[in-house]
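Only the coordinates and a few stated rules stand behind these numbers; no lab work does. Just so it is clear, the model here is predicted, and its values are computed rather than measured. Cβ placement follows ideal geometry from the backbone for every residue including glycine, while neighbour counts extend to all protein chains displayed.
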């Protein structure tokens with residue numbers, strides 16, 4: 001998985017992170033998990049948004065990204081950021097630790113989506129929301145079709161609560177889909193895969 005969807009300046013020019021954080025209602029004092037944090041584009045902006053009383057849990061499964069992000073956090077003085085190494089099917093977040101979760105341009109890379117989504121539930125506080133940013137396109141073209149995402153999320157008991165287009169220019173139409181998690185961690189065993 002690439003640690004950069006585009007360079008940070010290009011993403012900043014279109015105001016991507018600000019719009020996503022506004023739509024997710026990210027506020028000072030919240031704890032937000034950035035799953036698949038990569039080089040830290042969202043981590044940097046989440047750190048500023050949640051402020052000194054908030055916290056950002058920046059996680060990735062690539063050790064080199066985690067090491068680079070730890071160095072960047074120190075270099076840029078992100079005192080409210082904790083960087084961690086997750087696993088393909090488990091973000092390894094502390095229990096009841098997060099008010100919101102973002103998975104940005106990486107859902108299509110997840111090898112075990114049912115396991116990851118099930119293992120995410122214990123980390124969520126009551127009312128927490130999960131936001132997924134991706135391209136409404138085939139997985140083979142580094143996207144996640146909207147219908148596939150909705151199918152997989154709802155099979156695990158996640159409830160869709162909001163949907164916004166970031167860019168609507170097929171074939172690279174980008175979206176933010178927001179879900180509320182089930183109150184009880186689902187058992188992914190035996191769940192049928194959704195058709196892409």
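Scanning the stretch 95-109 for residues that are over 17 Å from residue 160 (Cβ atoms), crowded, with 21+ Cβ neighbours inside 10 Å and either more than 13 Å from the chain's Cα centre (by Cα) or touching a residue at least 60 places away in the same chain (Cβ under 8 Å) (or both) turns up 98, 99, 104, 105, 106.
Within the stretch 42-55, the set of residues being more than 12 Å from the chain's Cα centre (by Cα) and either in a strand (DSSP E or B) or closer than 18 Å to residue 86 by Cα (or both) comprises just one member, 55.
Every test in (1) in contact (Cβ under 8 Å) with a residue 40 or more places away in the chain; (2) touching a helix residue (DSSP H, G or I) at 6+ places or on another chain (Cβ under 9 Å) is passed by residue 113 save one, and that test is (1).
Within the stretch 40-69, the residues that satisfy the criterion of being in contact (Cβ under 8 Å) with a residue 12 or more places away in the chain and closer than 22 Å to residue 112 by Cα are 57, 58, 59, 60, 61, 62, 63, 65, 66. Scanning the stretch 86-105 for residues that are in contact with a strand residue (DSSP E or B) (Cβ under 7 Å, 6 or more places away or on another chain) and more than 18 Å from residue 26 (Cα to Cα) gives 86, 91, 92, 93, 105.
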